Amino acid sequence: MGLVSQSLHSLKEIEDQKKVYQVSLREIFEIVIEKTKGISSFGNVQFQEDNSLDQTFDNLNSALLSPILITLIENAFESKKDSIVTLGSTKKPEEFQIHISDTSGGIPSTEREFLFDPSKSRKSGGTGLGLALAHQLAQCMPGSLELAESNQTGSKFIITLQPKEEGK
């Protein structure tokens, strides 16, 4: 299922008042790793073990988060087939962050300003919609997606979310 289709399906579920359930970040990472296994036979996706993997998301936010992660992983492998992608997280009282680091060679400084612009694409034949949609999906959670750093070795993206309130 594509990025847009998956997101629309999730929104339809909520609109139809179907059951809301919780999914841990560990489960989301495992699902995303499974879905991206066929992208590169040389690359590797891994996640860092820590207690913030127990953070839970409702099924809507889980369905919004998964395609963001998949887009970032796909982009890393499209840039460099043997890239290593590491998923991690940090839990703070005021925010929750998900880190996506790769060894894909980085993003040129001339392209960083327009990274989330839907009319720009780094890839020949690309539409430029992947990162733009991922950026918008993060805002719907509500949260943000940003390029934290990029150098010759690779890039690091951070998804920042507000912690859910207890009882909600």
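All of the numbers you see were taken from the coordinates with simple rules; none came from a lab. These numbers were taken from a predicted model, which means no experiment stands behind them. When we count neighbours, we look across all protein chains shown, and the Cβ atoms used for this are built from the backbone with ideal geometry, even at glycine.
Spin-label model, E27 to A148: label points 7 Å out along the Cα-to-beta-carbon direction sit 2.5 nm apart. The range 141-162 and the range 41-90 have Cα centres separated by 12 Å. Less than 5 angstrom separates the built amide H of V45 from those of V85, all sequence-distant by 5 or more or on a different chain. Given the pairs K18/K156; K18/K91; K19/K156; K37/K156; K80/K156; K35/K80, which span a C-alpha to C-alpha distance of over 26 angstrom in this model? In this structure, K18/K156; K18/K91; K19/K156 exceed 26 Å between Cα atoms.
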